[in-house]
Amino acid sequence: MERKKVKIPESKQGHIKDWSEFSSLLEPLKLDESTLKFAESYFKGQILISEGKKAEATQFFKDLATNQSYINFEDSNGQLLEAIDIAIKGKSNLQENINF
C-alpha cells in the first residue's frame, strides 16, 4: 500500500504556524477523522517546541504517546508527521526519507 504524501510548498516550509493553514494542505488526501485529530495534536506539540516551551512539549508528547499509541501512528503515518515538522521547522528529524 502506497502512503499518501503531503506536499509542502517550498515557500511555506518552516513558516506554517496555524493548524487550519496546514490542514488545508491535507484536504486532497481525504484522511479519516482519527488521523486528522492525531495529526493536529502532533502539530500542536511541534508548535510548543518551536516556541521554546520544551517542558510543556515534553509533557504534551508523553500524554500523546500514552493516550494515542504514538508508535503505531508513526509507523503508518511517518510521512504525515515529517510533513508537519517541515511545515513548522523547515526540516525533520524523522528517519524516513521522503520526496516532497
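A short reminder: the numbers here are calculations on the coordinates, not readings from a lab. Since we're looking at a predicted model, the values are computed, not measured. Cβ coordinates were reconstructed from backbone atoms using ideal geometry, including for glycine residues, and neighbour counts include every protein chain displayed.
If you take every residue apart from Ala83 with its C-beta less than 9 Å away from the C-beta of Ala83, what net charge results, scoring Lys and Arg +1 and Asp and Glu -1? Taking every other residue near Ala83 into account, the sum is 0.
Helix by helix through the chain, keep the DSSP H runs that span 24 Å or more along the axis on Cα and average at least 0.0 on Kyte-Doolittle, and give those back in order.
Numbers: long enough: 33-50 (25 Å, 0.05).
Span-like helices, by this rule, are 33-50.
Restricting attention to the range 10-89, lysine pairs at least eight places apart or on different chains and with alpha-carbon atoms under 24 angstrom apart total 27. Looking at the range 10-89, the pairs of alpha carbons with a distance over 16 Å make up 49% of the total.
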